Amino acid sequence: MIQMVGTGLLCGALLGFVLQRGRFCLTGGFRDLYLTKNTRMFNALLLAIAIQAVGVYALIHFDLLVYEAGTYSFVAVALGSFIFGIGIILAGGCATGTWYRAAEGLVGSWIALIFYMLTSAMMKTGAFKPIHDALQSMQVRDNSIARTFGVNVWVLIIFFIGVVALILVKEARKPKIFIPQLKPKKTGIAHLLFEKRWSTYVTASLIGVIAILAWVFSEASGRMSGLGITTPSANIVQYAVTGDVQYINWGVFLVLGLLIGSYIAAKGSGEFRLRVPDPKTIVSSLCGGVLMGFGASLAGGCTIGNGLVQTAMFSWQGWISLGFIILGVWTATYFVFVRPTIKKTAQQPTVAQTN
Amino acid sequence: MVKVLETAGQVCPFPLVEAKAALETLTSGEELEIRFDCTQGTDSIPRWAAEEGHTVTNFEQVGDAAWTITVQKK
């Protein structure tokens, strides 16, 4: 029990700290693929997936971890992920992003988070359970890509590493541009941890390593999976309203640690402040939270559970989910950012003038 | 002359979206000061300015989760 609490909080705190300082926002990354044709964050995600895949499958190879892909429902994963993708644009961050923005003092993210947690619990054991169960039992297939193609999973991993290496080499060859930085006010370790801009690729590598650690710690506590946000978020609500300790597991401490780690990161760098959004953002965050909880529960994971972890396990669920989350993000991006700009092009933006 | 764009209270990517639109209305050499409080902006706004070739003449944190950046149009 003490070990579960300790390793869960530690792993979550590390992840929260790295996400906050590294400005690791997958919602922004997927959105910018479309909005600004920027692939940096998406490439970083691929790097984190590759690192985790090698680490976790090496541990499985030496019988240090147990993993079984199981089955998945195409309808549930595709539909759920698409809805989740729309939700994260409305909420201004994915599930993990919402947890760490909540810790930066953004009240809008608190609202999104509360509704995300509530809807997830409703899908798993509440009023929406019949919908969840009906869709998840449609078109159930084998979840392992390697088994479907009858190849060893290492064939997929090596092919994937090749693709990621090509992308990173191409990125490294691009001419370097100087990006203006804030004037440093701290020195040494404090500067490095609480001030310096972290490279997206360093951040992604750290996330890959934390994802491996999560598998080890989580399985040691009896929870047979890696990083996960949605089920643990639902578990907190389920425990809160039933008092049933069966809902308490390693994942619950992971997400609580996430909140603590990102709060330390934000507070330490002077980036914590309570910020209350305008009514329009409140409504948007609330709707986003509901869609996120509904979608992620249906799809069996969020940008982390499916997009980072299931992809690294080379399951169909992971890659189908990643594809449909991105489609959902692009659809919502069109309605939230692209269409309003087209409409407004004739108008002048409101700019105040001073001397 | 420096134009001031106040975006405090807006979440990302709105400060950047508005900054782009506001800079469109300026002529070369004019400056735009963007005030923002979304953390991701500390990365995305200077990165955008650098990639577009504009000059950042000032960039500082003015308080807890509050920043100002001044961009001179190329």
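The values are calculated or read from the model by the stated rules, or taken from the named source; none is laboratory data. On a predicted model such as this, the values are computed, not experimentally measured, just so you know. Neighbour counts run over all protein chains shown; Cβ positions are idealised from the backbone, glycine included. These accessible areas exclude ligands, DNA and RNA; they are computed on the full protein's heavy atoms, side chains included. Shrake-Rupley method; radii C 1.70, N 1.55, O 1.52, S 1.80 Å.
Scan region B:1-11 residue by residue and report those that are open to solvent by less than 20 Å² (accessible area, probe 1.4 Å) and facing chain A (nearest Cβ under 7 Å). Lay out the reasoning, then the answer.
If we filter region B:1-11 for residues that are open to solvent by less than 20 Å² (accessible area, probe 1.4 Å), which is where we start, we get B:4-5, B:7.
Once the filter is applied, which keeps residues that are open to solvent by less than 20 Å² (accessible area, probe 1.4 Å) and facing chain A (nearest Cβ under 7 Å), region B:1-11 yields B:Val4, B:Leu5.
I'm checking my understanding of the structure. Among residues of region B:1-43 that are of a type in the set (Lys, Arg) and under 19 Å from A:Pro180 (Cα atoms), which one is modelled with the highest pLDDT?
Step one: list which residues in region B:1-43 are of a type in the set (Lys, Arg), which gives B:3, B:20, B:35.
Imposing the further condition that a residue be under 19 Å from A:Pro180 (Cα atoms) reduces the set to B:20, B:35.
Working: B:Lys20: 91, B:Arg35: 95.
Within region B:1-43, the match that is modelled with the highest pLDDT is B:Arg35.
Just the residues that are aromatic (Phe, Trp, Tyr) and within 13 Å of another protein chain (Cβ to nearest Cβ), please, taken from region A:55-109.
Of the residues in region A:55-109, the ones aromatic (Phe, Trp, Tyr) are A:57, A:62, A:67, A:72, A:74, A:82, A:84, A:99-100.
If the condition is that a residue be aromatic (Phe, Trp, Tyr) and within 13 Å of another protein chain (Cβ to nearest Cβ), then A:Tyr100 is the only one that fits.
State whether one or more residues within region A:192-201 are touching a helix residue (DSSP H, G or I) at 6+ places or on another chain (Cβ under 8 Å), closer than 22 Å to A:Leu308 by Cα and not β-branched (Val, Ile, Thr).
Taking region A:192-201 first, the residues touching a helix residue (DSSP H, G or I) at 6+ places or on another chain (Cβ under 8 Å) are A:193-194, A:197-198, A:200-201.
Those still in the list that are closer than 22 Å to A:Leu308 by Cα too: A:198, A:200-201.
When the remaining residues are screened for being not β-branched (Val, Ile, Thr), the result is A:198, A:201.
Looking through region A:192-201, at least one residue is touching a helix residue (DSSP H, G or I) at 6+ places or on another chain (Cβ under 8 Å), closer than 22 Å to A:Leu308 by Cα and not β-branched (Val, Ile, Thr).
Just checking, does region A:95-112 include any residue being at negative phi, in contact with a strand residue (DSSP E or B) (Cβ under 7 Å, 6 or more places away or on another chain) and surrounded by fewer than 24 Cβ atoms within 10 Å (Cβ to Cβ)?
First, pick out the residues of region A:95-112 that are at negative phi: A:95-104, A:106-112.
From the residues that got through so far, the ones that are in contact with a strand residue (DSSP E or B) (Cβ under 7 Å, 6 or more places away or on another chain) too are A:106-107.
Filter once more, so that each one left must be surrounded by fewer than 24 Cβ atoms within 10 Å (Cβ to Cβ): A:107.
Yes, region A:95-112 contains a residue that is at negative phi, in contact with a strand residue (DSSP E or B) (Cβ under 7 Å, 6 or more places away or on another chain) and surrounded by fewer than 24 Cβ atoms within 10 Å (Cβ to Cβ).
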query: Consider A:Ile325 against the criteria (1) open to solvent by less than 10 Å² (accessible area, probe 1.4 Å); (2) free of Cβ contacts under 8 Å to residues at least 12 places away in the same chain: it satisfies all of them except one. Which criterion is unmet?
result: (2)
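Any idea how many residues of region A:39-82 are among the β-branched types (Val, Ile, Thr) and within 15 Å of the chain's Cα centre (by Cα)?
Applying the first criterion (among the β-branched types (Val, Ile, Thr)) to region A:39-82 yields A:39, A:49, A:51, A:54, A:56, A:60, A:66, A:71, A:75, A:77.
Restricting the remaining residues to those that are within 15 Å of the chain's Cα centre (by Cα) gives A:49.
Qualifying residue count for the region: 1.
Counting only residues that are of a type in the set (Gly, Ala, Ser) and open to solvent by 60 Å² or more (accessible area, probe 1.4 Å), give me the helices (runs of 4 or more DSSP H) lying completely in region A:119-231 with at least 1 of them. Spell out how you get there, then give the answer.
Working: elements: A:129-136, A:145-149, A:153-173, A:188-194, A:200-220.
Result: A:153-173, A:200-220.
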field: Number of the condition not met by B:Leu16 [criteria: (1) more than 8 Å from chain A (Cβ to nearest Cβ); (2) more than 25 Å from A:Pro279 (Cβ to Cβ)]
entry: (2)
- request: Go through the residues of region A:289-308 one by one and say whether even a single one is of a type in the set (Gly, Ala, Ser), in a loop (DSSP other than H, G, I, E, B) and more than 11 Å from chain B (Cβ to nearest Cβ).
  value: yes
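Conditions tested, residue by residue: (1) small (Gly, Ala, Ser); (2) closer than 24 Å to A:Tyr201 by Cα; (3) open to solvent by 20 Å² or more (accessible area, probe 1.4 Å).
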| residue | (1), (2), (3) |
| --- | --- |
| B:Leu26 | no, no, no |
| B:Glu30 | no, no, yes |
| B:Ile34 | no, no, no |
| B:Asp37 | no, no, no |
| B:Ser44 | yes, yes, yes |
| B:Glu52 | no, yes, yes |
| B:Glu60 | no, no, yes |
| B:Gly63 | yes, no, yes |
| B:Lys73 | no, no, yes |
message: Within region A:250-260, does at least one residue satisfy the condition of being crowded, with 18+ Cβ neighbours inside 10 Å, of a type in the set (Phe, Trp, Tyr) and out of contact with any strand residue (DSSP E or B) (no Cβ under 7 Å at 6 or more places or on another chain)?
response: yes
task: Check whether at least one residue in region A:116-139 is under 30 Å from A:Ile51 (Cα atoms) and charged (D, E, K, R), and report yes or no.
output: no
query: Out of all the residues in region A:309-322, which are touching a helix residue (DSSP H, G or I) at 6+ places or on another chain (Cβ under 6 Å), part of a helix (DSSP H, G or I) and open to solvent by less than 30 Å² (accessible area, probe 1.4 Å)?
result: A:Thr311, A:Ala312, A:Gln317, A:Gly318, A:Ile320, A:Ser321, A:Leu322
message: For the structure I just gave you, tell me whether A:Ile167 is in contact (Cβ under 8 Å) with a residue 24 or more places away in the chain and more than 30 Å from A:Met292 (Cα to Cα).
response: yes
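Answer with yes or no whether B:Glu60 is charged (D, E, K, R) and more than 8 Å from chain A (Cβ to nearest Cβ).
Values: charged (D, E, K, R): yes; more than 8 Å from chain A (Cβ to nearest Cβ): no.
No; evaluated as a whole, the condition is false for this residue.
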- prompt: Quick one: what pairs do we get from region B:4-27, first residue within 16 Å of B:Thr57 (Cβ to Cβ), second modelled with pLDDT under 90 and surrounded by fewer than 21 Cβ atoms within 10 Å (Cβ to Cβ), C-beta under 6 Å, 6+ apart or different chains?
  reply: B:Val4/A:Ala352; B:Val4/A:Thr354; B:Leu5/A:Val351; B:Ala22/A:Pro349; B:Ala22/A:Val351
task: Determine which single condition A:Met224 fails, assuming it passes every other condition in (1) in contact with a helix residue (DSSP H, G or I) (Cβ under 6 Å, 6 or more places away or on another chain); (2) at pLDDT below 95; (3) within 27 Å of A:Ile60 (Cα to Cα).
output: (1)
message: For the list (1) among the hydrophobic types (A, V, I, L, M, F, W, C); (2) touching a Phe, Trp or Tyr at 6+ places or on another chain (Cβ under 8 Å); (3) at pLDDT below 95, I need the number of the one condition that A:Phe217 fails.
response: (3)
